[in-house]
Amino acid sequence: MQWNADFYTQKHAFVFEYGAGLVEVLAPQPGELILDLGCGSGELTAEIARRGAAVVGLDASSDMLARARQQFPDLDFRLGDAASFELPERFDAVFSNATLHWVTAADAAIRQLHRHLRPGGRLVAELGGQGNVGQIVAAVLGQLHRRGYAQAAAHWWYFPSVGEYAARLERAGFRVRLAQHFDRETALTDPETGLTDWIEQFGQQFFVGVGASDRAAVLAAVNDELRPVLFRAGQWMADYKRLRIVAEKC
Ligand SMILES: C[S@@+](CC[C@H](N)C(=O)[O-])C[C@H]1O[C@@H](n2cnc3c(N)ncnc32)[C@H](O)[C@@H]1O
């Protein structure tokens, strides 16, 4: 999966704008050392630093990290994969917004988070939960299947239920203090192209092996199909369902 930092910050800034609420839950304190896992273009890393904590931003995309370093040259950003990273530090908290559903090796990522926390350290995370963007996924897959792409599946996302994710965390040695699965319809930025922009940024893997004309036809058909359902008051609304987690390393 390729992350395009320009497209992300221009069209999908709502991701980190919503993430500001998760920073409130984290409540970073001066003197704490915090890991921002999947920091992207760094806006929330900077918000954590602004509150006086020391923070390391980690991300698997060099394009996103280049943007983060350009925007916030005084902050510490590092390249690494959630499922395998190794850092020398042990953190007071791990923060992660809109990233863990991209990590299908969920147990490996949870194990790494646990290892990098000090005893008693906290994990504060939000990710897509079960059913997230279900109407968009169903429409795109339906249109692909109709055109003969019978194997198409959204295999790169992991949208767990509370029970599933909490059980994984408990098995890894976390005490789950809060787990919420809630609907958060999300207005997409561009009133005209918002749905197409979203699919092109986050769902580009739908179109691996799909020719340009089929891709254009699928995007047009998905827009037509979903307009009566997800286009309201002049805006595209994505059917987000989020999982919010606060857990403590035992
Ligand atoms: C939707 S962005 C969220 C970025 C940031 N947390 C925010 O709120 O703006 C998801 C980020 O997860 C990163 N990511 C995806 N898979 C990852 C992995 N396996 N390890 C580390 N980062 C990953 C992507 O590179 C991207 O920057």
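The values are calculated or read from the model by the stated rules, or taken from the named source; none is laboratory data. Note that the structure is a prediction, hence the values are computed from the model and not measured. Note that we place each Cβ from the backbone using ideal geometry, even for glycine, and neighbour counts take in every protein chain shown. The accessibility values were calculated without ligands, DNA or RNA, using every heavy atom of the protein model including side chains. Shrake-Rupley method; radii C 1.70, N 1.55, O 1.52, S 1.80 Å.
Observations, loosely collected:
- The number of residues in segment 16-31 that are more than 24 Å from Met64 (Cα to Cα) and touching a Gly at 6+ places or on another chain (Cβ under 8 Å) comes to 3.
- Checked against (1) of a type outside the set (Lys, Arg); (2) assigned to a helix (DSSP H, G or I); (3) near the ligand (Cβ under 9 Å from one of its atoms); (4) open to solvent by 20 Å² or more (accessible area, probe 1.4 Å), Asp107 meets all criteria but (3).
- Just so you know, in segment 1-11 the residues that are hydrophobic (A, V, I, L, M, F, W, C) and in a helix (DSSP H, G or I) include one that is surrounded by the most Cβ atoms within 10 Å (Cβ to Cβ), and it is Ala5.
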